[in-house]
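Some notes on the structure that comes next.
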Amino acid sequence: MKKDEFIIAKKKFYSRLIVGTGKYRNMSECAKAVKLSGAEIVTVAVRRVNITDKKKPLLMDFIDPKKITYLPNTAGCFNSKEALRTLRLAREIGGWKLVKLEVLGDKKNLFPEMIETLKSTEVLAKEGFQVMVYCNDDPLMAKRLENSGAKAIMPLAAPIGSGLGILNKLNIKIIRNQTKLPLIIDAGLGQASDAAIAMELGCDGVLVNTAIAKAKKPFEMALAFKNAVLAGRQSYRSGRIAKVLMGRASSPKKGII
């Protein structure tokens, strides 16, 4: 089969699984899980993960940024001012322009604060950032983000870390049908089959952190997600049969003995 390229902001990738680097027991475990997952992009919470203090373990010593694309994110930011400052700092530290914007509305449910998110997207796009945006699954807001200069739309499947899987397939399909941007499910997946479903809905990729990092066997779960993304993508590209309300015989109706 021809290689199935995954293009974000004109950069080519071949793995459609993006892996978060938080919640692991240590950086060694994180690095091994990333390797087993086959991911080519990892998210890095600039406010939480050590990427500058050489006196402490550096993520870069475990995951080589020359081999794996770092995607700085604004996890832990609750307004536009915090998010903008965080990503500008990331650009100063590592020259990163491809970033993940995440502005949360509350500390309990961790839903995206969409007004602040939209405002931040507009500013970052004007400043030359290539913004991948964590958002709710509202098709209207997703379109506004696209029109504001986002490079990828990243709707939640369910609340961050909940493991509930995709709760609103209809909205995801509507967003898929209306955008030409990469559509990446972000947050709420719990098991490998959730990733396969996302890919079968036509999503371009999935982002997974908690489901791998907090699994009883994170290395096996990393492999499971890798395989699920591949299977779901292949299923989507194969063209599923139409749904019907009645049974249809799989064998010929004529020439029966």
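The values are calculated or read from the model by the stated rules, or taken from the named source; none is laboratory data. It should be emphasised that the depicted structure is a prediction, and the values quoted were computed from it without experimental measurement. Because the Cβ atoms are built from the backbone with ideal geometry, glycine has one as well, and the counts that use them run over all protein chains shown.
Structure values in brief
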item: Options THR179, THR210; residue that is surrounded by fewer than 20 Cβ atoms within 10 Å (Cβ to Cβ), among the polar types (S, T, N, Q) and in contact with a strand residue (DSSP E or B) (Cβ under 7 Å, 6 or more places away or on another chain); result: THR179
item: Residue check, GLU29 surrounded by fewer than 18 Cβ atoms within 10 Å (Cβ to Cβ), in a helix (DSSP H, G or I), modelled with pLDDT of 90 or more and out of contact with any Lys or Arg (no Cβ under 9 Å at 6 or more places or on another chain); result: yes
item: Count of segment 129-147 residues which are among the polar types (S, T, N, Q) and within 20 Å of PHE78 (Cα to Cα); result: 1
item: Lone unmet requirement of (1) under 19 Å from the mean Cα position of the chain (by Cα); (2) over 27 Å from GLU102 (Cβ atoms); (3) among the acidic types (Asp, Glu) for ASP204; result: (2)
item: Of residues in segment 6-26 being small (Gly, Ala, Ser) and more than 22 Å from ASN227 (Cβ to Cβ), the one surrounded by the fewest Cβ atoms within 10 Å (Cβ to Cβ); result: ALA9
item: Checklist (1) on the phi > 0 side of the Ramachandran plot; (2) in contact (Cβ under 8 Å) with a residue 40 or more places away in the chain applied to LYS226, failing item; result: (1)
item: Those residues of segment 149-172 which are surrounded by fewer than 22 Cβ atoms within 10 Å (Cβ to Cβ), in contact with a strand residue (DSSP E or B) (Cβ under 9 Å, 6 or more places away or on another chain) and closer than 18 Å to ALA213 by Cβ, in sequence order; result: ILE160
item: Single unsatisfied condition, GLY161 versus (1) in contact (Cβ under 8 Å) with a residue 40 or more places away in the chain; (2) under 26 Å from LYS11 (Cβ atoms); result: (2)
item: Residue satisfying all of: in segment 58-75; in a loop (DSSP other than H, G, I, E, B) and over 13 Å from TYR134 (Cα atoms); farthest from the chain's Cα centre (by Cα) among these; result: LEU58
item: Count of segment 86-128 residues which are more than 17 Å from ASN73 (Cβ to Cβ) and among the small types (Gly, Ala, Ser); result: 1
item: Residue list for segment 107-122, restricted to those being of a type in the set (D, E, K, R) and without any contact (Cβ under 8 Å) to a residue 12 or more places away in the chain; result: LYS108
